[in-house]
Each structure stands twice: as C-alpha cells, then as structure tokens.
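Undergrad: Before I ask anything, here is the structure I am working with.
A short reminder: the numbers here are calculations on the coordinates, not readings from a lab. Computed from a predicted structure; not experimentally measured. A quick note on method: Cβ atoms are made from the backbone with ideal geometry, for glycine too, and the neighbour counts reach across all protein chains shown.
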Amino acid sequence: MAAALGLDPFTFGRRFKLGTGMTPHQYVIRCRIRRAMRLLARGELTLAEIALEVGCACQSHLTTLFRKHLGTTPGAFRESASEGEQPAGHGQRRRAESTNYEKQTKRNIPQVQTR
C-alpha cells in the first residue's frame, strides 16, 4: 500500500494510524473478518474455503482471528447466522469491556462516610 502511494512503509503506517485509529495490519484483519462473516452467513463455502478466500493461511488461522476479535468460532457464527439470531460474539467483547470498566470505576469511586 505504501509503495502504491510513493511513501516509505513507516510514514505510511504512521499516517494511516493517525487517520483511521488503527494500523494497516489491523485494518486488513478487520476487512478479512467482515468478509468471512458475509461468506459464513451465505453458507455456500466450507470453512477452509472461506479461510483461503479471505487471505488466511488455513482454517485454524481464521478460527484464531474469530476467537480473538469476536469471541466465537466461525462454525458457531455460521450456525447462529443460519438460525437468524444475532451471531454469537457480536457485541460480546464490548459488553465485557463495559462490565470491566464499571467494576474498575466502582473501585475508584471514593466512599463518602456519613456520621
């Protein structure tokens, strides 16, 4: 990407992160996961075919990415998508982060003593 714009990789990466809030690699991973989610919802390809289609080296690499970023596996995502439910893992990380934030906030709130 940097070469196509005539920039050295470091400058490109720095500017990309300033503009998007994520590194180029994080952006590519995000695109791969989103594409995999669409392909899984369609249900036409095997998990291994989807992994190769989105640029993962193998099915286990796709599974690792799904677990890390969505908190679920591609197979579980496909099952929930085919049942018309909200896919497993969707929003799960945000809820966990919110809960952790609330716990942390409660610990940091000074307690007012009344007499």
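Undergrad: Report the calculated FRET efficiency for Leu7 and Ser82 (r = Cβ-Cβ distance, R0 = 41 Å), to the nearest 0.05.
TA: It comes to 0.40.
Undergrad: So how far apart, in nm, are the two label points at Glu53 and Arg34 if each is 7 Å from Cα heading toward Cβ?
TA: With each label placed 7 Å out from Cα toward Cβ, I get 1.7 nm.
Undergrad: Now for a different question. Hey, with R₀ at 35 Å, roughly what FRET efficiency would Leu45 and Met22 work out to, going by the Cβ-Cβ distance, to 0.05?
TA: After rounding to 0.05, the efficiency reads 0.80.
Undergrad: Diagonalise the Cα gyration tensor of segment 24-91 and give the resulting equivalent ellipsoid semi-axes, square root of 5 times each eigenvalue, largest first, whole Å.
TA: For segment 24-91, the semi-axes come out at 17, 14, 10 Å.
Undergrad: Now for a different question. Mind ordering 28-41, 10-23 by average Cβ neighbours within 10 Å, highest first?
TA: For the peptides 28-41, 10-23, the packing ranking is 28-41, 10-23.
Undergrad: Sticking with this one: Which whole-number percent gives the relative contact order of segment 24-91, counting Cα pairs below 8 Å spaced six or more residues apart?
TA: 27
Undergrad: Where in segment 53-86 are there GluC sites (Glu not before Pro) that are in a DSSP coil and have at most 15 other Cβ atoms within 10 angstrom of their Cβ?
TA: Passing sites in segment 53-86 are Glu83, Glu85.
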